[in-house]
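What follows is a set of notes on a single structure, which appears directly below.
The values are calculated or read from the model by the stated rules, or taken from the named source; none is laboratory data. Since we're looking at a predicted model, the values are computed, not measured. For neighbour counting, all protein chains shown are included, and Cβ atoms are generated from backbone atoms with ideal geometry for every residue, glycine included.
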Amino acid sequence: MKKVIIFDYDDTIVDTFSSIYDVDLQVAERLGLRRVTKEEMASLWGIPYRERIKRLHPDTDFEEHERIHFEIYDHSTTKPFEGAVGTLAYLKSKGYRLGIISSRRYKSLVGNLEYYHLSSFFECVQGEESLEYVKPDPRVFDVAIKYFGGNQGEMVYVGDHLNDFEAATKSGLDFIAITTGVHTKEDFQRAGCKKIIESLSELRNIL
């Protein structure tokens with residue numbers, strides 16, 4: 001029986017990709033950088049922000065890029081998906097313990113959780129700075145697994161990216177894919193994923 005549900009955050013709980021892509025285009029314009037395509041951004045989506053920017057703009061000053069990014073970024077643009085808040089409340093009411101493991105910068109992650117009054121749902125929240133490893137490395141789950149008691153059989157990870165699937169599977173966690181990000185149902189099926197949902201509301205029926 002599952003007792004713990006750990007979530008990815010961006011494009012799993014909140015709709016992120018399009019808004020962050022638009023912000024990064026504005027940053028690039030201000031810094032005189034080339035215009036990155038959505039396909040390029042999507043190919044690097046899911047890795048930490050610093051690494052993504054270094055790959056897309058290897059010669060840019062990351063600190064300046066980051067400063068302008070957060071000058072432009074507004075939490076109101078990355079809203080929870082429809083049904084997400086209600087689903088989290090339902091799961092909490094049923095006694096599930098909830099956590100988050102995300103590649104998002106920790107300060108930004110906590111700020112977004114607080115902005116949408118989601119913090120109270122989660123007892124373990126980890127962002128980029130608090131993680132020694134990054135997905136798809138399965139060791140990204142080590143701290144959370146220990147925090148929640150060490151029994152992987154009682155835990156499930158919910159994520160929108162193939163890196164989420166690979167990391168969870170290799171760490172011994174059950175995995176539920178959600179198709180609200182850059183990867184499709186067919187992408188997950190080709191990778192061998194068996195449990196796939198289209199919205200968080202479906203968790204009520206699949207757990």
- [ ] Examine segment 185-205 for a residue that is at pLDDT below 95 and either among the polar types (S, T, N, Q) or under 12 Å from the mean Cα position of the chain (by Cα) (or both), and state whether such a residue exists.
- [x] yes
TODO: Considering (1) in contact with a Leu (Cβ under 8 Å, 6 or more places away or on another chain); (2) at pLDDT below 95, say which one ASP74 fails and leave the rest.
DONE: (1)
- [ ] Pull up segment 156-174, narrow it to residues that are within 12 Å of the chain's Cα centre (by Cα) and of a type in the set (A, V, I, L, M), then point me to the one that is surrounded by the fewest Cβ atoms within 10 Å (Cβ to Cβ).
- [x] LEU162
TODO: Report the residue count in segment 68-110 for those that are within 19 Å of PRO48 (Cα to Cα), assigned to a helix (DSSP H, G or I) and aromatic (Phe, Trp, Tyr).
DONE: 2
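Quick one: is GLY153 on the phi > 0 side of the Ramachandran plot and surrounded by fewer than 18 Cβ atoms within 10 Å (Cβ to Cβ)? Outline the logic, then answer.
Numbers: on the phi > 0 side of the Ramachandran plot: no; surrounded by fewer than 18 Cβ atoms within 10 Å (Cβ to Cβ): yes.
So GLY153 fails the test.
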- [ ] Test THR179 against the stated conditions and say whether it is surrounded by fewer than 20 Cβ atoms within 10 Å (Cβ to Cβ), of a type in the set (Ser, Thr, Tyr) and under 16 Å from ASP8 (Cα atoms).
- [x] yes
Task: VAL143 being surrounded by fewer than 20 Cβ atoms within 10 Å (Cβ to Cβ), part of a helix (DSSP H, G or I) and β-branched (Val, Ile, Thr) - done: yes
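Within segment 58-110, which residues are among the small types (Gly, Ala, Ser) and either touching a residue at least 60 places away in the same chain (Cβ under 8 Å) or under 22 Å from ARG30 (Cβ atoms) (or both)? Talk me through it step by step, then tell me what you get.
At the first step, the residues of segment 58-110 found to be among the small types (Gly, Ala, Ser) are 76, 83-84, 86, 89, 93, 95, 99, 102-103, 108.
Across segment 58-110, the qualifying residues are SER76, GLY83, ALA84, GLY86, GLY95, GLY99, SER102, SER103, SER108.
Any idea which residue in segment 4-61 is surrounded by the most Cβ atoms within 10 Å (Cβ to Cβ), counting only those that are assigned to a helix (DSSP H, G or I) and of a type in the set (S, T, N, Q)? First the steps, then the outcome.
First, the residues of segment 4-61 that are assigned to a helix (DSSP H, G or I): 17-31, 38-43, 49-56.
Subsequent filtering for residues that are of a type in the set (S, T, N, Q) retains 18-19, 26, 43.
Details: SER18: 13, SER19: 18, GLN26: 14, SER43: 14.
Among residues in segment 4-61 that are assigned to a helix (DSSP H, G or I) and of a type in the set (S, T, N, Q), the one surrounded by the most Cβ atoms within 10 Å (Cβ to Cβ) is SER19.
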Open item on the list: Being within 15 Å of ILE5 (Cα to Cα) and part of a loop (DSSP other than H, G, I, E, B) is the filter here; which residues of segment 120-140 pass it?
Closed with: PHE122, GLU123
